[in-house]
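Below you'll find the structure, written out as structure tokens, and then a few comments.
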Amino acid sequence: MKIRHVSTIVFVNDVARSSAFYRDVLGLPVSQDFGTMVQFEHGFAIHDGPNLLGQTYKKPGAFPSEPQGHDNIDIYFETDDLEGAFHAVDDSGAEVIHPIETQEWGQRVFRFHDPDGHIVEIGDPT
């Protein structure tokens, strides 16, 4: 048996708002937009959280619309323009957890919350 990773799907409360954030602020190219689910290039996707939970557990409407992030996942990206990315995120009004800092392993990163409260980390290429 061979299993391969295809995509990580992050639950969001407002697909349009989150799609605009990841597309317009972070510059992630959209590969497919299905309305309740948006796939970006390189294996990252967002999905209407209450909708997908209802489908998964066969309980449509059982999950309230509320922020989906609970500080229990770190969505990691890299960029060659860390300062530019930081300014784009900061200018967007996103909640910055910490500005650019050097980690103990020598990589520079910053972290912030996306519109649903998920932790997002952007770092220099490793």
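Descriptive notes on the structure:
- For the range 76-126 versus the range 1-42, the gap between their alpha-carbon centres in whole angstrom: 18
- For the chain, the solvent-accessible area with a 1.4 angstrom probe is 60 square angstrom per residue.
- In plain terms, if you count all Cα to Cα distances in the range 59-126 and split them into 10 Å steps from zero, the share in each step is 20, 47, 21, 9, 3 percent.
- DSSP-assigned coil residues among chymotrypsin sites (Phe, Trp or Tyr not before Pro) in the range 81-114, each with at most 12 further Cβ atoms within 10 Å: W105
- What a 1.4 Å probe finds exposed on the chain is 51% carbon and sulfur by accessible area, rounded to a whole percent.
- Every Cα-Cα pair in the chain was counted, and those over 20 Å apart are 47% of them.
- The trypsin sites (Lys or Arg not before Pro) of the range 37-118 that DSSP puts in a loop, and whose beta carbon has at most 15 other beta carbons within 10 Å, are K58.
- Selected from A16, A94, A62 as most flexible by GNM, with the chain as the system and alpha-carbon contacts under 10 Å: A62
- With respect to the chain, whose longest principal axis is taken over its alpha-carbon atoms, helix 82-92 is tilted by about 50°.
- FRET efficiency estimate (nearest 0.05) - Cβ-Cβ, R108 to T56, R0 41 angstrom: 0.65
- Residue-level accessible surface for Y57, protein heavy atoms, 1.4 Å, Å²: 140
The values are calculated or read from the model by the stated rules, or taken from the named source; none is laboratory data. The structure presented is a predicted model; accordingly, all values stated were derived computationally and were not measured. Here Cβ is always computed from backbone atoms with ideal geometry, including for glycine, and neighbour counts include all displayed protein chains. Just the protein is used for accessible areas: all its heavy atoms, side chains included, with ligands, DNA and RNA removed. Shrake-Rupley method; radii C 1.70, N 1.55, O 1.52, S 1.80 Å.
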